[in-house]
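Only the coordinates and a few stated rules stand behind these numbers; no lab work does. Remember, it's a predicted structure, so these values are computed and weren't measured experimentally. We place every Cβ from the backbone using ideal geometry, glycine too, and count neighbours over all the protein chains shown.
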Ligand SMILES: Nc1nc2c(ncn2[C@@H]2O[C@H](COP(=O)(O)OP(=O)(O)O)[C@@H](O)[C@H]2O)c(=O)[nH]1
Ligand SMILES: [Mg+2]
């Protein structure tokens, strides 16, 4: 890792020199302003680092490099232990400096406040800021719209979605819904069933293995009756194969018992049912009101199951969508749907990261 201090009269001037000399992979460790020796003039000092093995280039870095900057690397090439400790001290210093976000140029402080206020995790915010500092030039630092567009594009690049349920060419597509109790699995199944059965006119059937929650079967029975689709209740894993219909259904939606991420016996039981169902897709259903840490914990808890993605419910109950984006980036989980309401048949949409990121960036952005 090469570390160098640059001084000049403005942040943008110094950053441009950093980019010219160190290239697009330079990481800004610290920025400081102060008076020069015996002079009234304000001096800006920027400490930047670059991994010696990175190719040096100009212009905007590819977005795939953003995440690499979340955790600055100390490479094996660092010559001595003393140098390594010095580097680490610089990095630690830069983290506390960025924690205050006081010395960022142009529209960046307002953007950072917006990201943090909306629950975007700090390492992700920092990575975005580093990336913007290296990628923006001159007047671009004051162009709020351009910066927002770049950040929205970066979120689109970092968060993957699967476009919702895709039906197989032939036979039935089996989709299972797992997750904590009360996260909205059953309600979401009813919404998906309505969309496919009534709007897309595809034969749908519902299977439930949730015979534990009081009233769960009755709840699904009434949904199935309203939508006009068959419902099968499965009590043991052995019954699952017979329950999967050979009646020409194109989509089979499987409901499961609510399970917490640390409930080992519960997870094992759900896994046993899933094994028999051999699902094409399995979504972990999580409420959008859950904090970042709990979303990550829940997703990781379900990793022992053949999970193919995340589904977020209750977006109508929160205004902070940063935890959803942050958790999807952290877990690399692919998002399928968002739901935003109790009532049927509305309140479900195929996950659209651009729209969500716009709400994160712009809610109290330009206006606030
Ligand atoms: N506000 C809101 N409530 C929802 C949404 N989805 C489900 N719910 C409510 O959350 C509660 C639990 O839903 P349910 O489907 O029974 O959860 P399950 O235990 O995971 O099957 C119910 O009161 C639902 O009406 C949603 O998108 N928004
Ligand atoms: Mg349920």
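Geometric descriptor of region 279-318, per residue, is 50 Å³ (volume of the convex hull of the Cα atoms). Please state the shape class of region 100-219: rounded when a/c is under 1.5, otherwise prolate if a/b exceeds b/c and oblate if not, all from the C-alpha gyration tensor. Here region 100-219 falls in the prolate category. Report the calculated FRET efficiency for residue 212 and residue 359 (r = Cβ-Cβ distance, R0 = 41 Å), to the nearest 0.05. Efficiency for this residue pair is about 0.70. Counting neighbouring beta carbons within 10 Å and listing from fewest to most, the residues 210, 247 come out as 247, 210.
Roughly speaking, what is the stretch gain from residue 275 to residue 10, that is 0.36 nm per residue apart minus the C-alpha to C-alpha distance, in nm to one decimal? Don't skip to the end; give the middle numbers.
Numbers: separation 265, 0.36 × 265 = 95.40 nm, distance 6.15 nm.
Stretched out fully, the residue 275 to residue 10 stretch lengthens by 89.2 nm.
Going from the residue with the fewest nearby Cβ atoms within 10 Å to the one with the most, 51, 352 rank 352, 51. Estimated from the Cβ-Cβ distance and a Förster radius of 30 angstrom, the FRET efficiency linking residue 2 and residue 33 is about 0.80.
Inter-label distance, residue 289 to residue 246: 4.5 nm, where each label sits 7 Å from its Cα along the C-beta direction.
So for 130, 340, 262, fewest C-beta neighbours within 10 Å to most, what's the order? Present the calculation step by step, with values, prior to reporting the outcome.
Details: 130 22, 340 16, 262 10.
By the 10 Å Cβ count, ascending, the order reads 262, 340, 130.
For region 173-351, the spherically averaged projection of the C-alpha convex hull amounts to 9.2 nm².
Once C-alpha pairs closer than 8 Å and six or more residues apart are averaged by separation and normalised to the residue number of region 160-290, the relative contact order reads 41 percent.
The length gained on full extension between residue 239 and residue 146, counted as 0.36 nm times the residue separation minus their Cα-Cα distance, comes to 27.8 nm.
Calculated FRET efficiency, residue 222 and residue 346, Cβ-Cβ r, R0 22 Å, to nearest 0.05?
Details: r = 18 Å, r/R0 = 0.81.
About 0.80, to the nearest 0.05.
Extending 7 Å from Cα along the Cβ direction at residue 202 and again at residue 168 yields two label points whose distance is 1.2 nm.
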